[in-house]
Amino acid sequence: MQTVVSALFRLALAFWVGGSALFTFVLTPILFKTQARDVAARIVGVLFPGYFWWGLVCGGVALLCLLVLRGRHFLPSLTLLVLMLGLTSYQAFSIEPRAAELKREIVSFEATGRDNPLRREFARLHGISMACNLAVLLSGIVIIVLPGGFRREE
């Protein structure tokens, strides 16, 4: 049973961190390089709720597994995992809905000047979201590379 829970823990973290890295460093840049700004923003906006739910589900599975495993690095892993879930929840339930509302009000980023108050607020929220996303990615990487962090010491 321990082996199954350990494998599930690693898979949940790998899916979360790998999905985040793919979305952040591959998919989003490709969209913004190949599509008009407004089209790319619409596509990413449609994907964001699923992106955040993916993280919350993977994080929930990892948290449950970690609580069963309680390996050598339990407390640091637990702290980082709770931080990751907290940041992802903040993005999903606070930042993303506010940013989506601003996008609806802005209508076109291509036609609206950067000095527009709505654009400035959107840029501020985008910056916060990027920082949260980077913290989630880095925290996940730290948990993954902790030596022996996925096994209960016998």
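The numbers here are math on the coordinates, done by the rules we state, and not lab data. These figures come from a predicted structure and were not determined experimentally. Virtual Cβ from ideal backbone geometry, glycine too; neighbours counted across all protein chains shown.
Quick notes
- Taking the square roots of 5 times each eigenvalue of the Cα gyration tensor of region 1-43, largest first, gives ellipsoid semi-axes of 34, 8, 5 Å.
- Sites VAL107 and LEU138 - FRET efficiency at Förster radius 22 Å, r taken between beta-carbons, to 0.05: 0.05
- Size descriptors for region 2-145, from the alpha-carbon set: Rg then Dmax equal 17.0, 56 Å.
- Three-way shape label, region 63-116, alpha-carbon gyration tensor, a/c 1.5: prolate
- Distance between the pseudo-spin-label points of VAL39 and ALA14 (7 Å out from Cα toward the beta carbon): 3.6 nm.
- Taking label positions 7 Å along the Cα-Cβ direction at both VAL82 and SER94, the computed distance is 1.7 nm, reported to one decimal.
- Average Cα contact separation per residue, region 5-91, under 8 Å, 6 or more apart, as relative contact order %: 44
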